[in-house]
Amino acid sequence: MDEDRVTSVRGDQLTLTDHCKIRRHRRLTSGDVAKLERLANEVADLSMPERVHPEAVDGGRTTIEIAGDKTKRIELWAGEDAPEPVWALLSAIEALDRDTESSQY
């Protein structure tokens with residue numbers, strides 16, 4: 001995701017901020033929250049592989065910050081590989097973010 005775009009989940013609230021402006025905000029279902037918590041806990045338990053490539057030419061970077069019982073920060077550069085749970089978490093958040101476009105309140 002571009003560095004000026006931040007999708008955050010706090011409790012049952014999903015917020016998309018783009019260039020420091022809130023673009024979308026919505027409440028998540030308890031099922032969505034449970035799924036994200038499960039995925040975030042899986043990612044927080046991971047040992048990330050050592051970085052083998054230099055930073056991406058285009059500077060593309062995705063940062064995941066998980067705060068809670070287990071705090072973890074992961075930075076992925078464009079084209080970099082990561083364990084499957086990382087992609088599952090990013091996909092779940094992206095799907096909820098897309099759903100937010102039609103579920104704003």
Inset, instruction - Sort out which residues of the range 13-49 are free of Cβ contacts under 8 Å to residues at least 40 places away in the same chain, over 21 Å from residue 85 (Cα atoms) and either of a type in the set (D, E, K, R) or open to solvent by less than 40 Å² (accessible area, probe 1.4 Å) (or both), and write them in order of number. - result: 13, 15, 17, 18, 21, 23
Inset, instruction - Go over the candidates 58, 69, 81 one by one and state the one that is acidic (Asp, Glu), exposed (fewer than 11 other Cβ atoms within 10 Å of the Cβ), modelled with pLDDT of 80 or more and on the phi < 0 side of the Ramachandran plot. - result: 81
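The values are calculated or read from the model by the stated rules, or taken from the named source; none is laboratory data. Keep in mind the model is a prediction, meaning the values are calculated, not measured. Reconstructed Cβ throughout: ideal geometry from the backbone, glycine too, with neighbour counts over all protein chains shown. Just the protein is used for accessible areas: all its heavy atoms, side chains included, with ligands, DNA and RNA removed. Shrake-Rupley method; radii C 1.70, N 1.55, O 1.52, S 1.80 Å.
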